[in-house]
Structure formats: structure tokens, C-alpha cells
Amino acid sequence: MRIRTLLATWIAWSAALSACSQKNIDSILPVRGFCINAPRPAGLDSFITFIDKELPSRKVNTLFLLIDYRYQFASHPELSDTDALSRADAKRIVQTCQRHKIRIIPQINLLGHQSWASTPNKLMKAYPQFDETPWVKFPEKYEWPNPDKLYCKSYCPLAPGLHDILFAVIDELCDAFETDAFHAGMDEVFYIGEDQCPRCGGRDKAELFAGEVRTLHDHLAQRGKELWIWGDRLLDGKTTGLGEWEASYNNTYRAIDMIPKDVVICDWHYERADQTAVLFAMKGFRVVTCPWRDAGIGVTQVKDMVHFRQVSTPEMKPRFLGIVETTWSPTDRFLRGYYSITRPAGRPTGTRMDPERTPWNCFRAVFEEMGRQAGN
């Protein structure tokens, strides 16, 4: 079994290298990535226009689509949102990206982020038995902090039947988007190995986290695909001073030494240009740095990543892959901000955002800096 897994991993990595040779990859920053929510069907035309007009000129070669359950799953239709992309919609995105040699990596948030505020996600609604903390009830009005320390629900990684369902939707999504990689999220996991959980209570939280990474990794590797995850749970929030959001306070950070080295890490820091990409690379992982909404920090992170590649040993340099700009807003909101379109009258405004600290301004600044660094 071990030999088969290693062989499948080698095949996946060889396929990825071959695919990379066909994409807009340069020696300065091999990955020029953009991460955004998948559009709703009504916004698909605008999203495709944005890809056509804005991404090729910036030499974006990797598109991370945050899909979760905004897809019409045939394997598990009970998990599909009501306003979800069809397979035909996915093919339109695939064809557009193929024209521009852009690699698509879809994401479903796994382990953590199984709810938001007072609302469970589709997995938790359909399968409440997977809930790590069923005794934590959703409040009518959500506030943070709260006595239950409820940020987002997690599923229990040891729940019977869980992975049969997850593997089915992961495989379906990878097939629909014709991808050789999948992003499993796994950020901001606050509930894991809770004492009251009959399955994982009392177990080592780092081992539980690492076990879930390995389970997902091995399933994908057997199908010739890479696993990408956010890196915050692999950092020690107390020792580093990074805190419990951008790093771990519940000891999952020790999992950094327990997971396969071919997992690709998305290292995100939004308030400072913390250089933890070096830690991941020194541990043997390939890593990308992920800015968000602060253009100044984003530009610094681009310069840092270029510097890491310039001064590293031949062994370390290939592990510093590049930059992935994140957005963390609905697709239509990002496009309105990017094109300075006023929201229609009567539409809710959502979270108020500092006009000088926006993902669309950071997007422009980050890719302008990447162009300067690459001389294009």
C-alpha cells in the first residue's frame, strides 16, 4: 500500500511538472495565483469576462476557486446550494482558463469552517452526526467572543461515513474542473479533539489534524492529484506571537512534522508581512504567500518571496513557489469594487470596508509589483 501511494504521488508530481511547462510560469515567481469565490450562475458571464480581460495581462497562471457547496453535485445533491454552478457552468470556466493556460484549483472548506455565525453549512445540515461539538448550539444572534468559543463548527475527522461523502464530492469537483490539484482549506480550526466528543475526545489534537491531512492527501495522490491547504494551523501562535487566528493556540502546530511533504502550503498573513514561508520551506514544503487587502503589505510579501528565491540554496529555492492574492468577498462584490461600480439601490451593503484597504486595490498593487520584479 505504501509503495502504491508513493508511486501515485510521484505520478502526480510528474504530471504537475509537465503541466507547469505549458503554463505562464517564469523563474522569478513560478506561481502567480488569484483566489476568489466561485461566482453564482447569474454572475458567470461577468466573471468569465474578468478572467479574459484581467488575468492574462497579469500573467496569472493559477486560479483558486472557493466553491464549497456552490456546485450542483450529482453524487450528493443534498449538499448543493440552491443557487449553484452546473457542470456546464464549470466547463465554461475551464475552457476560459484553458485558453489562457491558467490552472484551476477548486476548494471545499474541510475540517473547520463548517458553519458561519448562526448558520451551519450544507454538510452540517445534511449530516449533523458529523458535528464535532453537537452540544454547542447556534445562538439567535451571533457575537464574538462568546462563552462557547464558537467561531465556526468543525466536523469530527473520526466520524463514521464522513470520508465516503467527502471523497465523492472532491472527486466530482476535480473532474468537473479538470484539475490536477484540490484545496482543502483547513484553516482556523478551533474545535478539534474536544473532550466531550465520544470519538476523538482526549486524543492528541496535532495527530488528529495530521491524520485528516494524510487521509485527504492519500485519496488525492492515488488519483494523481495534489493537496493544497492553508498553513495557519501548522504554526505555533503563542511562541511566535502570531495569535490564534493566523496560527494555532490548540497545539495543532506540531502536525507540521506529521504530514506528507508534498502537501502545498498557502501561508497567509494579512496585517504584517510575517516571513513564515521560510519555516515551511525549511521543513521541506512547497509554499506560496497569500496577501489580502493591504496593498503595502502585499507588495512587501512579493518582494520577500522574490528575495527568498534569490538567496536560497538550490535545494530550498524550488519550494518558494510564489504569490496567491486572496479576496474573501463575494465575486460580484469584488468585481464591483474592482471596476468601481456603485451597488444598486436597495441592495444590502454587507461588511463595511476601508476604501484604502480593499482586495481589489491589493490585487492591482501585488500584480504590478510581480510585473516589476519579473521585468514585464
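Is there any pair with a first residue in segment 60-86 that is closer than 27 Å to GLY33 by Cα and a second that is at pLDDT below 95 and among the polar types (S, T, N, Q) whose Cβ atoms are under 9 Å apart and which are 6 or more apart or on different chains, and what are they?
Note: pairs meeting the criteria are VAL60/ASN24; ASN61/ASN24.
Within segment 314-325, which residues are farther than 12 Å from VAL31 by Cβ and touching a helix residue (DSSP H, G or I) at 6+ places or on another chain (Cβ under 7 Å)? Show your work before the answer.
We begin by selecting, within segment 314-325, every residue farther than 12 Å from VAL31 by Cβ; these are 314-317.
Matches in segment 314-325: MET316, LYS317.
Restricting attention to segment 81-108, which residues are over 16 Å from ALA181 (Cβ atoms) and either in contact with a Gly (Cβ under 7 Å, 6 or more places away or on another chain) or crowded, with 19+ Cβ neighbours inside 10 Å (or both)? I'd like the intermediate steps shown before the answer.
Just the residues of segment 81-108 that are over 16 Å from ALA181 (Cβ atoms), to begin with: 81-89, 91-92, 95-96, 99-100.
If the condition is that a residue be over 16 Å from ALA181 (Cβ atoms) and either in contact with a Gly (Cβ under 7 Å, 6 or more places away or on another chain) or crowded, with 19+ Cβ neighbours inside 10 Å (or both), then ALA84, LEU85, ASP89, THR96 are the ones that fit.
Answer yes if at least one residue in segment 124-135 is within 27 Å of ARG336 (Cβ to Cβ) and out of contact with any Pro (no Cβ under 8 Å at 6 or more places or on another chain), and no otherwise.
Within segment 124-135, the first condition is being within 27 Å of ARG336 (Cβ to Cβ), and the residues that meet it are none.
Checked against the condition, which is being within 27 Å of ARG336 (Cβ to Cβ) and out of contact with any Pro (no Cβ under 8 Å at 6 or more places or on another chain), segment 124-135 yields no hits at all.
Check segment 117-134 and report whether any residue there is closer than 19 Å to CYS197 by Cβ and surrounded by fewer than 14 Cβ atoms within 10 Å (Cβ to Cβ).
Within segment 117-134 (the criterion being closer than 19 Å to CYS197 by Cβ and surrounded by fewer than 14 Cβ atoms within 10 Å (Cβ to Cβ)), the answer is yes, since at least one residue qualifies.
Only one of GLY237, GLY193, GLY224, GLY211 is buried (at least 16 other Cβ atoms within 10 Å of the Cβ), of a type in the set (Gly, Ala, Ser) and touching a Cys at 6+ places or on another chain (Cβ under 9 Å); which? Talk me through it step by step, then tell me what you get.
Numbers: GLY237 fails: touching a Cys at 6+ places or on another chain (Cβ under 9 Å); GLY224 fails: touching a Cys at 6+ places or on another chain (Cβ under 9 Å); GLY211 fails: touching a Cys at 6+ places or on another chain (Cβ under 9 Å).
Answer to the check: GLY193.
Against the condition in contact with a helix residue (DSSP H, G or I) (Cβ under 6 Å, 6 or more places away or on another chain) and more than 14 Å from LEU29 (Cα to Cα), how does TYR253 come out, does it pass? Let's see the steps before the verdict.
On the way: in contact with a helix residue (DSSP H, G or I) (Cβ under 6 Å, 6 or more places away or on another chain): yes; more than 14 Å from LEU29 (Cα to Cα): yes.
The answer is yes for TYR253.
Answer yes or no as to whether GLY350 is over 30 Å from VAL263 (Cα atoms), modelled with pLDDT under 65 and surrounded by 10 or more Cβ atoms within 10 Å (Cβ to Cβ).
On the way: over 30 Å from VAL263 (Cα atoms): yes; modelled with pLDDT under 65: yes; surrounded by 10 or more Cβ atoms within 10 Å (Cβ to Cβ): yes.
So GLY350 passes the test.
Before we move on, is SER329 loosely packed, with under 15 Cβ neighbours inside 10 Å and modelled with pLDDT of 75 or more? Working first, answer last.
Values: loosely packed, with under 15 Cβ neighbours inside 10 Å: no; modelled with pLDDT of 75 or more: yes.
So SER329 fails the test.
Can you find a residue that is part of a helix (DSSP H, G or I) and under 26 Å from ALA247 (Cβ atoms) anywhere in segment 144-158?
There is no residue in segment 144-158 that is part of a helix (DSSP H, G or I) and under 26 Å from ALA247 (Cβ atoms).
Would you check if there is a residue in segment 62-72 being more than 30 Å from VAL136 (Cβ to Cβ), among the polar types (S, T, N, Q) and under 19 Å from the mean Cα position of the chain (by Cα)?
yes
Conditions (1) at pLDDT 95 or above; (2) of a type in the set (D, E, K, R); (3) in a loop (DSSP other than H, G, I, E, B), marked per residue:
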site: ASP26; (1), (2), (3): no, yes, yes
site: LEU29; (1), (2), (3): yes, no, yes
site: ARG32; (1), (2), (3): yes, yes, no
site: ILE36; (1), (2), (3): yes, no, no
site: ILE48; (1), (2), (3): yes, no, no
site: ILE51; (1), (2), (3): yes, no, no
site: SER57; (1), (2), (3): yes, no, no
site: TYR69; (1), (2), (3): yes, no, yes
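Do the conditions hold for THR289, that is, is it buried (at least 22 other Cβ atoms within 10 Å of the Cβ), polar (S, T, N, Q) and touching a residue at least 12 places away in the same chain (Cβ under 8 Å)?
Numbers: buried (at least 22 other Cβ atoms within 10 Å of the Cβ): yes; polar (S, T, N, Q): yes; touching a residue at least 12 places away in the same chain (Cβ under 8 Å): yes.
Yes: the conditions hold for THR289.
Answer with yes or no whether GLY231 is in contact with a strand residue (DSSP E or B) (Cβ under 9 Å, 6 or more places away or on another chain), surrounded by fewer than 21 Cβ atoms within 10 Å (Cβ to Cβ), small (Gly, Ala, Ser) and closer than 19 Å to ILE256 by Cα. Give the steps one after another, and end with the answer.
Values: in contact with a strand residue (DSSP E or B) (Cβ under 9 Å, 6 or more places away or on another chain): yes; surrounded by fewer than 21 Cβ atoms within 10 Å (Cβ to Cβ): no; small (Gly, Ala, Ser): yes; closer than 19 Å to ILE256 by Cα: yes.
No.
Output the residues belonging to segment 300-325 that are more than 25 Å from PHE64 (Cα to Cα) and of a type in the set (Gly, Ala, Ser). Spell out how you get there, then give the answer.
Taking segment 300-325 and keeping what is more than 25 Å from PHE64 (Cα to Cα), we get 310-315.
Residue satisfying the conditions is SER312 alone.
Please name all residue pairs, on different chains or six or more residues apart, with Cβ atoms under 9 Å, provided the first residue is in segment 205-222 and is closer than 11 Å to ILE259 by Cα and in contact (Cβ under 8 Å) with a residue 12 or more places away in the chain and the second residue is part of a helix (DSSP H, G or I) and of a type in the set (Asp, Glu).
ALA206/ASP257; ALA210/ASP257
So, of the residues in segment 181-190 that are assigned to a loop (DSSP other than H, G, I, E, B) and touching a Cys at 6+ places or on another chain (Cβ under 8 Å), which turns out to be farthest from ASN61 (Cα to Cα)?
Restricting attention to segment 181-190, the residues satisfying the condition of being assigned to a loop (DSSP other than H, G, I, E, B) are 186-190.
Checking which are touching a Cys at 6+ places or on another chain (Cβ under 8 Å) leaves us with 188, 190.
Working: GLU188: 27, PHE190: 33 Å.
So, considering only residues that are assigned to a loop (DSSP other than H, G, I, E, B) and touching a Cys at 6+ places or on another chain (Cβ under 8 Å), the one farthest from ASN61 (Cα to Cα) is PHE190.
Would you check which residues across segment 293-326 are hydrophobic (A, V, I, L, M, F, W, C) and crowded, with 23+ Cβ neighbours inside 10 Å and list them? So that I can check it myself, show each step before the final result.
Here is the first cut: in segment 293-326, the residues hydrophobic (A, V, I, L, M, F, W, C) are 295, 297, 299, 302, 305-306, 308, 311, 316, 320-321, 323-324.
Selection gives VAL302, MET305, PHE320, LEU321, ILE323, VAL324.
Do you know which of the residues in segment 109-140 that are within 19 Å of the chain's Cα centre (by Cα) and in a loop (DSSP other than H, G, I, E, B) is farthest from PHE182 (Cα to Cα)?
The initial filter retains those residues of segment 109-140 that are within 19 Å of the chain's Cα centre (by Cα), namely 109-116, 121-123.
Next, only the ones that are in a loop (DSSP other than H, G, I, E, B) stay: 111-114, 121.
On the way: LEU111: 15, GLY112: 16, HIS113: 17, GLN114: 18, ASN121: 20 Å.
Filtering first and then ranking leaves ASN121.
The values are calculated or read from the model by the stated rules, or taken from the named source; none is laboratory data. Small disclaimer: the values here were computed from a predicted structure and weren't measured. Glycine gets a Cβ as well: all are built from the backbone with ideal geometry, and neighbour counts include every protein chain shown.
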